[in-house]
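Colleague: Structure below; questions to follow.
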């Protein structure tokens, strides 16, 4: 039996929801989860494993967790880190867990003052990307130029190298209005790529697309494998999310279009929604019986300013710029910036 879980990083246990999204209660994976989980798990469909990298303000490490098909934490490995960094997201390949050590660290003074997000930019904390072998072993770290990494699209092995694709904003960067950000703290999120070469001991950085965009997603069957297609929501002023009390950016900081990327051809398609609409995270749903990576649907919550509520908009992924296949009018507003997953059945 599957379970629907609402996730939160840096402390609280996941909360289980019923089929009507009512609260069942905290869930600790049958007593095997000791402490925090993460807001962004990665499911490897080929291995039938759920992975997480968890952090907590008082830990001197982060934890890689692997949850097996029985719904229990089957493997835990502690990875030492300094300064209690924020690790909102990570990546997974066939060989490695990719750990992203940001120069955004726990701020005890902010926590004591009651800050909702007690983390701040820390110039003294070097930014690193780490490769932790999935089978266990030591993490190998590579220092890189700092950015504010927000969300990972996907990662995969390419020979001896590792490719990581993600969205990021310029560094330095304010977190909840704190830190030594200065004028460079304001910026738009863009789609980026790291290629980690363990043999050479270096990381090559490149920009995939400079269009402002966030919330990158792939066909989930391709998590940890090389993908061709990616989906994002255009969102220019996402940094303002970190100035708000609840961390949810206002609708006006999103735009009215969704983006499909073809990585093989280096092209993008843009689906434009009505003026004034604001589109959230796109979620890809494979068509039943599909064989092609992009044979399916793209779902997104879209705020309709005329109704003052959200619509669930359904696009054909292979006719991305065409008219929506369906639009479901919801009775209220779904805050943009929230993540979600498609659950075919429990």
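Colleague: In vacuo Debye scattering of the stretch 1-156, one point per C-alpha: log10 I(q)/I(0) at q = 0.10, 0.15, 0.16 Å⁻¹?
Modeller: -0.37, -0.82, -0.93
Colleague: Over the chain, with a Gaussian network built from C-alpha contacts below 10 Å, which listed residue (74, 317, 47) shows the highest mean-square fluctuation?
Modeller: The residue with the greatest mean-square fluctuation here is 47.
Colleague: Right, another one. In angstroms, what radius of gyration and Dmax does the stretch 1-88 have, counting Cα atoms only?
Modeller: Answer for the stretch 1-88, Rg first and Dmax second: 13.1, 42 Å.
Colleague: Given the options 52, 91, 109, state which has the largest fluctuation in a GNM of the chain using a 10 Å cut-off (strictly under) for Cα springs.
Modeller: 109
Colleague: Between the stretch 19-74 and the stretch 253-314, how many Å separate their Cα centres?
Modeller: 28 Å
Colleague: Please state the Cα pair-distance histogram of the stretch 70-110 with 5 angstrom bins from zero: what percent is in each bin?
Modeller: Pairs per bin, as whole percents: 5, 16, 20, 23, 17, 10, 6, 2, 0.
Colleague: Further question on the same structure: Find how much the distance from residue 206 to residue 264 grows on full extension, using 0.36 nm per residue of separation minus their present alpha carbon separation; answer in nm with one decimal.
Modeller: Result for the pair: 19.3 nm of gain on full extension.
Colleague: Go ahead and estimate [θ] at 222 nm for the chain from helices alone: -39,500 (n - 2.57) per DSSP H run with n ≥ 4, summed, over the residue count, rounded to 500. Numbers along the way, then the final one.
Modeller: Numbers: 1 runs with 5 residues, N = 346.
For the chain, the value works out to -500 deg cm²/dmol.
Colleague: Sticking with this structure for a sec: With the Cα gyration tensor of the chain giving a ≥ b ≥ c as the square roots of its eigenvalues, does the rule (a/c under 1.5 for rounded; else a/b larger than b/c for prolate; else oblate) give rounded, prolate or oblate?
Modeller: rounded
Colleague: Here's a follow-up. Ordered by packing density, taken as the mean number of other Cβ atoms within 10 Å over each peptide's residues, highest first, how do 329-339, 143-153 rank? Walk me through the numbers on the way to the answer.
Modeller: Details: 329-339: 14.2, 143-153: 20.7.
Packing proxy ranking, top to bottom: 143-153, 329-339.
Colleague: I've got another one for you. Give me the one-decimal nm value for the distance between modelled label points at residue 6 and residue 43, 7 Å along each residue's Cα-to-Cβ direction.
Modeller: Between residue 6 and residue 43, the label points sit 1.9 nm apart.
Only the coordinates and a few stated rules stand behind these numbers; no lab work does. Since the model is a prediction, treat every value here as computed from it, not as a measurement. Don't worry about glycine lacking a Cβ; one is built from the backbone with ideal geometry, like all the others, and counts go over all protein chains shown.
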